[in-house]
Amino acid sequence: MSELLPTDHDYTQEFENGIHYASVELAELAAKTIAQQCGFFIIRGAWKPNTVGQNPVTALCMYCDRSSRIVKSYKPDPTKETRGNISSKGTGCQFQICIKEVWQKDGPNTWVMVGVTSRETGANRGFHNHEKVLYPEHHRHNKQFSEAEKERLRLTRKAGVRPNQQKTTLNTEGGVHHDIKQMYNINSKTRLDEMGEMDAIQFALHGAEHRGYHICLQKDSNNVLTNLFFAHPTSIQMLHAWPYVILIDSTYKTNRYGWPWVEIIGVTPVKTNFNIARAIIKQETKETYEWLLRCIKGLLGDTVPNVIVTDKEGGLLASIPVVFPLPHTGDLTAEPDSPPQHD
């Protein structure tokens, strides 16, 4: 159970240490460190310029993160349904300090931490009305990503590292318990920044071309993509080395559009498989499979495979003799063994 902060203790004295900081960023970092050592967190508020006197100064207000301050400019949308079963962690805590700019006559200005009094009552706003933070390392303010960590996430994402592996690495090295949802959000924002004004298909094609993929596509009269074929450069090299047996399977329809997902597989002399290419097609027609086989033929050049293994798809079987006029064709489907006959 969490321990309550002393309601009669004025925490302003912990912050009014008389230290002059060279920048507001250093003073803000020091204030957050002191607050965390005391068992609570403070957040940045508004800037308040002070025009009193000959040398005006500026102050940055810092509030307790349990203050539940209401933004006056916010107006709820009456047309939207209010979410249920939600609550706020705010307790109306009145704690507040200011990081005040100190004008220096003979040098650059400095920054100090000062307490704040209420304008209405004149009371010092150095008290809290809530419990201590039980696990500071799990607090959301301690789980924010630094710019260096964000850049590392971008680099590891490009290298193909999955978010759960990114989370394990950062939490182990940094000692901070980052949420995997935050990593998904950062990766999503990075992807949107990379896409720019491109849509998902354009971005995928751009990335494939940038990595050297061989791409063939078809569009309809409305410029809508209907068929897409792509092959990795390494797969093309392996196909040139072992073009003898090709397997074509188009039974997968697990994508969000329900389109057939075609896999083209090759076989090595040691009976291991390798991916030659993949394709997504809109319809399993003879014309579509004829286009698909011509894409494969474009990878092979003048070479003709010895065997093409299919799943007996009608459109595919009809298009093979058109593109690959093999010396002979036949049904290689094995029938189940018939039971022995007894007299």
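What follows is calculated from the coordinates using simple rules that are stated; it is not laboratory data. Here the structure is a predicted model, which is why all the values come from computation and not from measurement. Positions of Cβ are backbone-derived with ideal geometry, glycine not excepted, and every protein chain shown enters the neighbour counts.
Database remark: amide H of Glu131 closer than 5 angstrom to the amide H of Leu5 (H placed geometrically; neighbours at sequence offset of 5 or more, or on other chains; Pro and chain starts carry no H). In this structure, Val270 and Asp220 have a Cβ-Cβ separation that, at R0 = 25 Å, corresponds to a calculated FRET efficiency of about 0.05.
Each principal axis of region 144-193 carries a Cα extent, and these read 29, 20, 18 Å when sorted largest first.
Extension gain for Val309-Thr169 works out to 46.0 nm (0.36 nm per residue, less the C-alpha to C-alpha distance).
Geometric descriptor of region 201-323, per residue, is 115 Å³ (volume of the convex hull of the Cα atoms).
Give, in nm to one decimal, the length gained when the segment between Leu134 and Glu3 is fully stretched (0.36 nm per residue of separation minus the Cα-Cα distance). Before the final figure, lay out each step's value.
Numbers: separation 131, 0.36 × 131 = 47.16 nm, distance 0.78 nm.
Fully extending the segment from Leu134 to Glu3 adds 46.4 nm.
Inverting the mean 1/r over all pairs of different Cα atoms, compute the Kirkwood radius of region 87-134 and quote it in Å. Let's see the in-between values first.
Values: mean 1/r = 0.0747 Å⁻¹.
So the Kirkwood estimate lands at 13.4 Å.
What does the charge count around Asn275 come to, taking other residues whose C-beta lies under 14 Å from its C-beta (Lys +1, Arg +1, Asp -1, Glu -1)? Can you show the working numbers first?
Values: positive: Arg278; negative: Asp249, Glu263.
With Lys, Arg at +1 and Asp, Glu at -1, the net is -1.
Per-residue extension of 0.36 nm, minus the Cα-Cα distance of Ala208 and Arg256, leaves a gain of 15.2 nm for this segment. The lysines within cross-link reach of Lys312, meaning a Cα-to-Cα straight distance under 21 Å and a gap of 8 or more places when in the same chain, are Lys253, Lys282, Lys286, Lys297. A Förster radius of 22 Å, combined with the Cβ-Cβ distance separating Lys105 from Leu26, puts the computed FRET efficiency at roughly 0.55. Each Lys or Arg adds one and each Asp or Glu takes one away; over the other residues whose Cβ falls under 12 Å from the Cβ of Met113, this sums to -2. A simple spin-label model places the labels of Leu247 and Gln283 3.0 nm from each other, with each point 7 Å out along Cα-to-Cβ. A simple spin-label model places the labels of Asn17 and Ser146 1.9 nm from each other, with each point 7 Å out along Cα-to-Cβ.
For Arg44 and Asn124, the FRET efficiency from 1/(1 + (r/R0)^6), where r spans their Cβ atoms and R0 equals 22 Å, is about 0.55. Residues whose amide H comes within less than 5 Å of that of Val262, counting only those at least five positions distant or on another chain, are Ala279, Ile280, Ile281 (H built at 1.01 Å from N in the peptide plane).
Karplus-derived 3J(HN,Hα) values for region 202-211, using 6.51 cos²θ - 1.76 cosθ + 1.60 with θ = phi - 60°, are 4, 5, 5, 5, 4, x, 5, 5, 5, 8 Hz; glycine and proline are entered as x.
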